[in-house]
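Okay, so here's the structure we're looking at.
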């Protein structure tokens, strides 16, 4: 199903329709597993991210529902993450290898790649309880689907406008706060917060793109590029944290030191690029942009 709402139809019903479709798509991925269980888990977790971003629009009128369902789908994703996280480390080192600066660094990163790939394969083969966790996740998805179907919200145009503008302003302000924190203090958590805000912004642009297709498409392209860059930045933080936590995994001379130096060098370049792009993506104030979204919604819904 296309991830977008039709402003000519009741927003609450559109929200529920999109949410049910996302849950069904996640269940289908986990049940059918056309490319194997780990690819299915990755696909389902992407659906959960969209679903959690969608549910932000319910917070103003149904905070208990939003809190409970956000926790539900966050926990489902975490329950499936162990082997996926091991695979992600291999993807992270593959990305870092493309920016090798010397032969010595290139050989060190190749060694790390081999080590992490063996670790991933071992975890995958030993992940014997994954089928049980997938079955549990599917059952919990069905519970979440029932909760969504029973969600009761006012159907008035006024409620729809309030849900949309309030959520948009709140999320954009979160993004601006995270961006300001990144400019002030280049800490991993600040960039992680900016990444999460960027993801929500990109998902919300996709959801409401019918309001102004050409403008929303352009904004969505920039937001997606920002999210991708911040994703690489976060992945490098995860890789560095793993290396610090389990240094004995890396053997052979200066391998660990070369790995951490390569991470730091690439991360610094990424952060500068991310900040410049984020300044552009979030140039509009939260108040101004939420007002524009409200006016566009009223016009499209009318």
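Each value in this text was obtained by applying a stated rule to the coordinates, not by laboratory testing. Please read these numbers as outputs of a predicted model, since none were measured by experiment. Positions of Cβ are generated from backbone atoms using ideal geometry, with glycine treated the same way; all protein chains shown enter the neighbour counts.
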* Structure fact -> Taking Cα atoms, the helix 255-281 axis meets the longest principal axis of the chain at an angle in degrees (rounded to 10) of 20
* Counting other beta carbons within 10 Å of each Cβ, put 197, 100, 152, 136 in order, fewest first. => 152, 136, 100, 197
* the chain, helix-only ellipticity at 222 nm - DSSP H runs n ≥ 4, -39,500 (n - 2.57), divided by all residues, nearest 500 -> -28000 deg cm²/dmol
* To do: Tell me which label goes with the value of Rg and Dmax of the Cα atoms in Å computed from the coordinates here: (i) 17.7, 52; (ii) 21.0, 68; (iii) 18.8, 65.
  => (ii)
* Given springs between every Cα pair under 10 Å in a Gaussian network model of the chain, which of 137, 147, 206 has the largest fluctuation? -> 147
* Asked: For the residues 263, 292, what sequence is obtained by ranking on other C-beta atoms within 10 Å, fewest first?
  -> 292, 263
* To do: Between residue 299 and residue 218, with labels modelled 7 Å along Cα→Cβ, what's the label distance in nm to one decimal, could you check?
  => 1.4
* On Cα atoms only, tilt of 130-149 relative to the major axis of the chain in degrees -> 20
* Structure fact -> Mean separation of Cα contacts under 8 Å (at least 6 apart) over the residue count of the range 1-53, i.e. the relative contact order in percent, is 31
* Taking the highest mean first, how do the peptides 8-15, 22-29, 279-286 order by number of other beta carbon atoms within 10 angstrom per residue? -> 22-29, 8-15, 279-286
* Asked: Based on the mean of other beta carbon atoms within 10 Å per residue, what is the order of 69-81, 39-51, most packed first?
  -> 39-51, 69-81
* May I ask you to derive the relative contact order of the range 188-302, considering only C-alpha pairs under 8 Å and at least 6 residues apart, and to give it as an integer percent? => 30
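Sorted by mean Cβ packing within 10 Å, highest first, what order do the peptides 235-247, 52-64 take? Write down the numbers at each step before the final one.
Numbers: 235-247: 15.9, 52-64: 19.0.
In descending order of packing, they fall as 52-64, 235-247.
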* Suppose R0 equals 22 Å; then what is the FRET efficiency for residue 150 and residue 13 from their Cβ-Cβ distance, rounded to the nearest 0.05? -> 0.95
* To do: Take every Cα pair under 8 Å in the chain that's 6+ residues apart, average their separations, divide by the length, and report that relative contact order as a whole percent.
  => 25
* Residue exposure sequence - 233, 189 - by fewest surrounding Cβ within 10 Å -> 189, 233
